[in-house]
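**Q** Let me begin by handing over the structure; questions about it come next.
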Amino acid sequence: MRWGPSALHGGHVYVAALGFPLRFDVRSGKTAEWAWSLLPQGHPRTPLVLQGNGFWMIETDETGVAARHREDSGETNWGFRGRRKPDRCWMAGGANRVFVRDSTTLTALPVF
């Protein structure tokens, strides 16, 4: 299985496996009960960015950045459009913002 870079927050490890986000409880090792068909598929080499109450990932289908609330077990994904090439896009989180760089454009996204 192809694992992406991991991130740790609040007793959970967040990682993408084959591009799909997973959340593991550090103590028990159990995963979140997210429905695979409803999750965004992210670029496998980009880390999940944790900021505020959500996580963000660069989507593989060249549509943008997908966001999801960390505790949401429902069907809610938020999308931010405007990105062109997933292999030329970088993300970072800080100061309660998610920053996305696509070639020469830098965008600061709000968090929830």
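**Q** Can you tell me how many residues within the stretch 14-24 are more than 10 Å from the chain's Cα centre (by Cα) and buried (at least 16 other Cβ atoms within 10 Å of the Cβ)?
**A** Total meeting the criteria: 2.
**Q** Here's a follow-up. Of the residues in the stretch 27-45, how many are out of contact with any Asp or Glu (no Cβ under 9 Å at 6 or more places or on another chain) and either at pLDDT 75 or above or of a type in the set (D, E, K, R) (or both)?
**A** Qualifying residue count, the stretch 27-45: 5.
**Q** Now for a separate question. Tell me whether the stretch 87-105 contains one or more residues that are surrounded by fewer than 17 Cβ atoms within 10 Å (Cβ to Cβ), at pLDDT 85 or above, among the small types (Gly, Ala, Ser) and over 14 Å from the mean Cα position of the chain (by Cα).
**A** yes
**Q** Another question, if that's okay. Cβ-Cβ below 6 Å, separation at least six or inter-chain, first residue in the stretch 1-26 and without any contact (Cβ under 8 Å) to a residue 24 or more places away in the chain and over 18 Å from His43 (Cβ atoms), second open to solvent by 50 Å² or more (accessible area, probe 1.4 Å) and in a loop (DSSP other than H, G, I, E, B): which pairs?
**A** Final answer for the pair search is Gly11/Val26; Val13/Ser6.
**Q** Which one of these does Gly82 not meet: (1) among the small types (Gly, Ala, Ser); (2) at pLDDT 80 or above; (3) open to solvent by 50 Å² or more (accessible area, probe 1.4 Å)?
**A** With respect to (1) among the small types (Gly, Ala, Ser); (2) at pLDDT 80 or above; (3) open to solvent by 50 Å² or more (accessible area, probe 1.4 Å), Gly82 is out only on (2).
The values are calculated or read from the model by the stated rules, or taken from the named source; none is laboratory data. Because the structure is predicted, anything quoted here is derived from the model rather than measured. So basically every Cβ, Gly included, is an ideal-geometry build from the backbone, and we count neighbours across all protein chains shown. The accessibility values were calculated without ligands, DNA or RNA, using every heavy atom of the protein model including side chains. Shrake-Rupley method; radii C 1.70, N 1.55, O 1.52, S 1.80 Å.
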